[in-house]
Amino acid sequence: MLNDYIELSKEVSKAKAYNLPIVALESTIISHGMPYPENVKTALECERIVRENGAVPATIAILNGKLKIGLSESEIDFLGKEATKIQKTSRRDIAYNITNKINGATTVSATMYIASLANIHVFATGGIGGVHRGAETTMDISADLEELAETPVTVISAGAKSILDIGLTLEYLETKGVPVIGYGTKSLPAFYSRESDFEVNFKIDFPDEIAKLIKTKLELNLRGGMLVANPIPKEYSMPKEVINKAIDEALVEMDKLGIKGKEATPYLLGKIVELTKGKSLESNIKLVYNNCELAAQIATELKKLGV
Ligand code: PSU
Ligand code: MN
């Protein structure tokens, strides 16, 4: 039985019982997206921000053979501190890691799937995986995009990072019928910067309007989720030249080392932090907080609509 595999935290199961708004949070960002101890601090602060904005946080991971929805502080600490023992888990890894009781930090794809099992419709993170640069030869396209096509969860992100091919990522999402919403912006935010050379599909200025769209999409029985792109607050954004130089260098270094597959994104994130002397990490943390706040507001509005 599916339910035998799912374990809700007390807080999340209470939230379900009282029909409170819930925001899903991923754990790959903890174990493989940021260094310790910033990863743990960030994850706990994300939960605090979600609560402060009227919703209940559900950080998701695979622990002791269970799909865990809602983690304790010590579980979050474990995922951050013991990161090298934690498997990055996307959709394809879920069954294997459950069967073999391998502890796993869930990517956007796995987190979306697990959130959907608990009927959670809103999920905050930093960045999603996408079509990698050079994908025309490597075929490196994140499972996150397929999940957005399949699973009815709206992901609040800071747009697409230019470690990806942003244009191809948008094309892929269009093919798969995934709407890309700009929160107060026509330009697709590029993670560390507020703008890119690409446009979102729809600009929406208020959380309640995003909530309405989520409801409509669910009721129309359109499969899949949506991507909300929320620009990083100005004061934490990075000049394009600085960040692009670091990204280009990191990509060259990755090629030299022959790093590919699931190791690619964690390697690039770490290398960029190193090359920017920690500046990119600071921006990354702040944009995640910003997304948690918006996600909690959207989840709250969604509850008012009865979803
Ligand atoms: N982008 C970030 N930080 C992250 C990730 C992406 O800025 O931590 C993580 C997310 O968990 C995302 C995953 O789902 O990387 C994508 O990995 P891949 O490119 O291997 O699909
Ligand atoms: Mn990949």
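So that you can scan it fast, the table gives a plain yes or no per residue for (1) within 20 Å of S142 (Cβ to Cβ); (2) in contact with a Ser or Thr (Cβ under 9 Å, 6 or more places away or on another chain):
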{"residue": "G182", "(1), (2)": "no, no"}
{"residue": "P231", "(1), (2)": "no, yes"}
{"residue": "M238", "(1), (2)": "no, yes"}
{"residue": "A250", "(1), (2)": "yes, no"}
Residues of segment 120-170 being surrounded by fewer than 23 Cβ atoms within 10 Å (Cβ to Cβ) and touching a residue at least 40 places away in the same chain (Cβ under 8 Å), in sequence order, are H132, R133, T138, D140, A143, E146, A149, E150, T151, P152, S162
For D197, the lone unmet condition from (1) open to solvent by 70 Å² or more (accessible area, probe 1.4 Å); (2) assigned to a helix (DSSP H, G or I); (3) not aliphatic (A, V, I, L, M) is (2)
| query | Does segment 114-137 include one or more residues that are in contact with a Lys or Arg (Cβ under 9 Å, 6 or more places away or on another chain), more than 13 Å from ligand 2 (Cβ to nearest atom) and not in a loop (DSSP other than H, G, I, E, B)? | reply | yes
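Residue-by-condition table, conditions (1) in contact (Cβ under 8 Å) with a residue 12 or more places away in the chain; (2) over 18 Å from P35 (Cβ atoms); (3) within 16 Å of ligand 1 (Cβ to nearest atom):
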site: G65; (1), (2), (3): yes, yes, no
site: S72; (1), (2), (3): yes, yes, no
site: E75; (1), (2), (3): yes, yes, no
site: L79; (1), (2), (3): yes, no, yes
site: A83; (1), (2), (3): yes, no, yes
site: I94; (1), (2), (3): yes, yes, yes
site: I102; (1), (2), (3): yes, yes, no
site: A105; (1), (2), (3): yes, no, yes
site: A110; (1), (2), (3): yes, yes, yes
Expected single match for among the hydrophobic types (A, V, I, L, M, F, W, C), free of Cβ contacts under 8 Å to residues at least 60 places away in the same chain, over 23 Å from L302 (Cα atoms) and more than 15 Å from ligand 1 (Cβ to nearest atom) among F206, F198, F202 is F198
For segment 68-96 the number of residues that are open to solvent by less than 10 Å² (accessible area, probe 1.4 Å) and either among the charged types (D, E, K, R) or more than 16 Å from ligand 2 (Cβ to nearest atom) (or both) is 6
Within segment 246-269, residues within 16 Å of ligand 2 (Cβ to nearest atom), in contact (Cβ under 8 Å) with a residue 12 or more places away in the chain and surrounded by fewer than 17 Cβ atoms within 10 Å (Cβ to Cβ) come out as K260, G261
Selection from segment 30-58 of residues open to solvent by less than 50 Å² (accessible area, probe 1.4 Å) and in contact with a Gly (Cβ under 6 Å, 6 or more places away or on another chain) yields I30, N39, V40, A58
With the first residue restricted to segment 18-30 and required to be assigned to a loop (DSSP other than H, G, I, E, B), and the second required to be among the polar types (S, T, N, Q), Cβ contacts under 7 Å at 6 or more apart or on different chains are P21/T300; E26/T106; E26/T107; E26/T111; E26/T125; S27/T59; S27/T106
### Query
Yes or no: L188 crowded, with 22+ Cβ neighbours inside 10 Å, more than 16 Å from ligand 2 (Cβ to nearest atom) and under 18 Å from the mean Cα position of the chain (by Cα)?
yes
Any hit, segment 216-232, residues being modelled with pLDDT of 95 or more, of a type in the set (D, E, K, R), closer than 24 Å to V131 by Cβ and away from ligand 2 (no atom under 16 Å from the Cβ): yes
M226 meets each of (1) closer than 29 Å to K279 by Cα; (2) crowded, with 18+ Cβ neighbours inside 10 Å; (3) of a type outside the set (K, R) with one exception, condition (1)
Determine if segment 25-46 includes at least one residue that is more than 30 Å from T276 (Cβ to Cβ) and touching a helix residue (DSSP H, G or I) at 6+ places or on another chain (Cβ under 8 Å).
no
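The values are calculated or read from the model by the stated rules, or taken from the named source; none is laboratory data. Quick caveat: nothing in here was measured; it's all calculated off a predicted structure. Cβ sites come from the backbone with ideal geometry, for glycine too, and all protein chains shown count toward neighbours. SASA here: full protein model, heavy atoms, side chains in, ligands and nucleic acids out. Shrake-Rupley method; radii C 1.70, N 1.55, O 1.52, S 1.80 Å.
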